[in-house]
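The block underneath contains the structure these notes are about, expressed in structure tokens.
Where a number appears in this text, it was derived from the coordinates with a stated rule and is not lab data. All values derive from a computational prediction rather than experimental measurement. Cβ: placed from backbone, ideal geometry, glycine included. Neighbour counts: every protein chain shown.
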């Protein structure tokens with residue numbers, strides 16, 4: 001009988017800040033997923049495995065799996081996961097899950113993505129897959145804008161990569177924004193929480209509910225506030241997709 005878990009080696013680790021890191025894993029077998037989905041990572045604890053789901057940041061075109069992780073002090077898994085060094089081992093569930101994937105069905109060509117900190121991971125997977133497809137000669141008919149919010153610039157784990165995609169691809173726009181600009185004297189970009197600026201950038205693009213799908217990922221407070229703003233702008237449930245990374249009342253990270 002096939003096990004529900006795979007072993008995966010930690011190939012590399014990049015510390016973004018004291019509480020944020022990017023990790024690449026090599027599973028013992030190829031794991032199939034769609035950009036935007038999540039994979040459950042676990043560590044053995046006695047006779048059971050402590051597990052949490054994490055959105056995949058890498059493209060499904062590569063075997064290595066990349067994750068952007070935030071340390072949750074007092075959490076069951078991330079403090080132990082934080083201590084796994086390069087060459088160490090974790091467990092992965094064989095089946096990737098999730099419906100937070102790119103909207104090909106509606107026919108809308110505009111895609112407005114909003115993330116807080118590690119919530120950028122599923123969008124990065126989608127973008128990396130599009131960029132790889134373009135390199136292979138495929139035309140990208142969609143237009144994508146990504147607003148990523150963090151308290152300070154240290155929360156932008158992929159600032160250079162995403163800014164590069166925006167410079168090189170006319171179909172993509174990237175807007176990083178910090179909500180505590182007084183802590184960032186050198187920051188010259190957008191300021192404010194994601195929900196504070198999303199309507200401004202939607203309107204500047206001229207995108208509306210009739211031609212745009214909006215994706216919200218990360219902090220549940222941002223998601224709830226953004227949904228209220230978007231509904232007042234005419235966006236219904238059919239044009240909104242969301243992925244909450246924890247339950248506000250519980251305060252426990254799940255992604």
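A few remarks follow.
- Quarter of Cα convex hull surface for the chain, i.e. mean projection, nm²: 14.9 nm²
- Only beta bridges with both residues in the chain are counted; by DSSP, about 55 percent of them are antiparallel.
- Angle of helix 121-135 to the longest C-alpha principal axis of the chain, folded into 0 to 90 degrees and rounded to 10: 80°.
- For the chain, the longest principal axis of the C-alpha atoms and the axis of helix 194-205 are separated by about 50°.
- Viscosity 1.002 mPa s, 20 °C: Kirkwood-radius Stokes-Einstein D of segment 5-93 over Cα pairs, µm²/s: 163 µm²/s
- When only Cα pairs below 8 angstrom with a gap of at least 6 residues are kept, segment 131-255 shows a relative contact order of 19 percent.
- Length gained when the stretch residue 135-residue 89 is fully extended (0.36 nm per residue, less Cα-Cα span): 13.3 nm
- Principal-axis tilt of helix 159-168 within the chain, Cα atoms, nearest 10 degrees: 50 degrees
- Estimated purely from DSSP H runs of n ≥ 4, each contributing -39500 (n - 2.57), the mean residue ellipticity at 222 nm for the chain is -6500 deg cm²/dmol once divided by its residues.
- Fewest-first ranking of 111, 47, 5, using other Cβ atoms within 10 Å as the exposure measure: 47, 5, 111
- Comparing Cα centroids, segment 57-134 and segment 159-219 end up 19 angstrom apart.
- When only Cα pairs below 8 angstrom with a gap of at least 6 residues are kept, segment 1-159 shows a relative contact order of 28 percent.
- Segment 72-196 shape via C-alpha gyration tensor axes, a/c threshold 1.5: oblate
- Stretchable slack from residue 161 to residue 183, in nm (0.36 nm times residue separation minus alpha-carbon distance): 5.6 nm
- FRET efficiency for the pair residue 45 and residue 99, taken as 1/(1 + (r/R0)^6) with r the Cβ-Cβ distance and R0 = 22 Å, rounds to 0.15.
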